[in-house]
Amino acid sequence: MTDDPTGRTTRRTVLAGGVSMLGAGCLGSGGGGDGDEDGGSGDTPTLADHPVGGDLDDQPRLGPDPGTAAGTIVAFEDPSCPRCAAFEAQTVPKIRSELVDPGDASYVVRTAPLVYAWGEPAIHALEATHARDADAFWALLAHYFDEQDALDTGNVLDRTETFLRGETAVDGAAVVADAESGASGAAVRTDVDAAEAADVSGTPTVFLFRDGEYRTRVTGSVSFELVRQSLGL
Amino acid sequence: MISLPTRAADWRLMGRTARLVLGGPAYAAVAVVAAAVALTGFVLSQNLPFTADALAGRVPAGILLELYPFVGTSYGPATGAVLLLVSLLVGVDIALVAYHVREHRLSAEGSGGSLVGVLLGTLGAGCAACGSAILAGVLSLFGATGLVTLLPLDGLEFALLALVALVLSIHWLADGMRGGEIRGCPVDLQR
């Protein structure tokens, strides 16, 4: 695996391999994750020792610091994933207004290039943007979801630069240069490693922690009520 | 030669057969239960860890309902509608198979489509997420993990194929009952 975006096939292949193994596991054992790392009936992992809980301070997040509020929501998303767009449109606004804004939960986004090829350079651009301006990250992520149908591998970075230049204070050309050179590869790799370690096979996949302890995980554009009730908030 | 429902009479026969079989309360109950089980299987198979946590009491079991089409937000209107239709057809199909085997003392020939329909319906339910584990797992068996990204409907194609398989199954079952009677009524009025 490489951090260079030009090596996207390699990284995607590795991640897809994990996906395939999980899929076979689902069919064979009715599992979906090995259970131990997510708690199961044994010791409940904490946010600190769960695979998705590493490096959270460096991740895009909204609300209180992860682990300090009653609830912590860690969502793996791919900007090219249509169901992630539905999740962002239908569920995330309520998470923000009803859980994050009152201080009851923190919301963390991690990225996983699982769906269309243009998602990977987009993720590199997102990481490069986040390194410069957290607010611009959220704006760019929303832009990707809004414009999914118009984006492909040939235009995603050009459109990224245009958007950042027009709508944010971030240097769009510098972001694109970082995305193309692989300068943001370490941040991308961190999320990919977390996704693989947690057997994330589809997006969005949402991990829910209550009072610092793992509560459950759920995949798909699930409803706000499911998130809220799972957290007991 | 494989019989396909190409004539209007074939569709009328399917409808009449289904109506006569489901007119019996026991078989109607079988259809309802089978449809509910199929839909539950479709939606919960996409989230086995969450289902296990709900059943273990880690999260309220009632919120499993939020995974169902038109209750939660996991499925868009088109996917949700197709999944419901597939589930209903599974119910009808299973009821016809049960009637065919039990009342006519015949084999379950023609019911293979129901199994195919259930499998394809499960794959179609993967539309709730991008890169569904089950869909990816099945496609990986054929070395085609990335195939789903080439599907214009993002995997809904499988649920539509499930509809085709189930319609064919119902057609073959109805065809197999042609000439017989259901609760005293001739299945095929044209004979």
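A short reminder: the numbers here are calculations on the coordinates, not readings from a lab. What you see is a predicted model, and the numbers here were worked out from it, not measured in a lab. Reconstructed Cβ throughout: ideal geometry from the backbone, glycine too, with neighbour counts over all protein chains shown.
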Inset, instruction - Pop the C-beta distance of A:ALA142 and B:GLU103 into the FRET formula with R0 = 45 Å and round what comes out to the nearest 0.05. - result: 0.15
Legend entry - Sequence-distant residues sharing a close amide H with A:THR111 (under 5 Å, placed H): A:GLU77
Inset, instruction - Enumerate the amide H contacts of A:THR46 below 5 Å, restricted to partners 5 or more residues apart or on another chain; note that Pro and chain-start residues carry no placed amide H. - result: A:TYR214
Legend entry - Net charge dipole size for the range B:1-86 [Lys, Arg +1 and Asp, Glu -1 on Cβ; Debye, nearest 20]: 380
Inset, instruction - Compute the distance in nm between two label points, each set 7 Å from the Cα along the Cα-to-Cβ direction, one at B:ARG19 and one at B:LEU55. - result: 4.0
Legend entry - Placed amide H near A:TYR116: partners under 5 Å, 5+ positions off or other chain: A:SER80
Legend entry - Backbone N under 19 Å from the A:ALA173 label point (7 Å along Cα→Cβ), restricted to the range A:109-141: A:125, A:128-129, A:132-133
Inset, instruction - Just need the relative contact order of the range A:41-173 here, percent rounded to a whole number, with Cα pairs under 8 Å and 6+ apart. - result: 25
Inset, instruction - Determine the distance separating the Cα centre of the range A:157-180 from the Cα centre of the range A:120-148; give it in Å without decimals. - result: 9
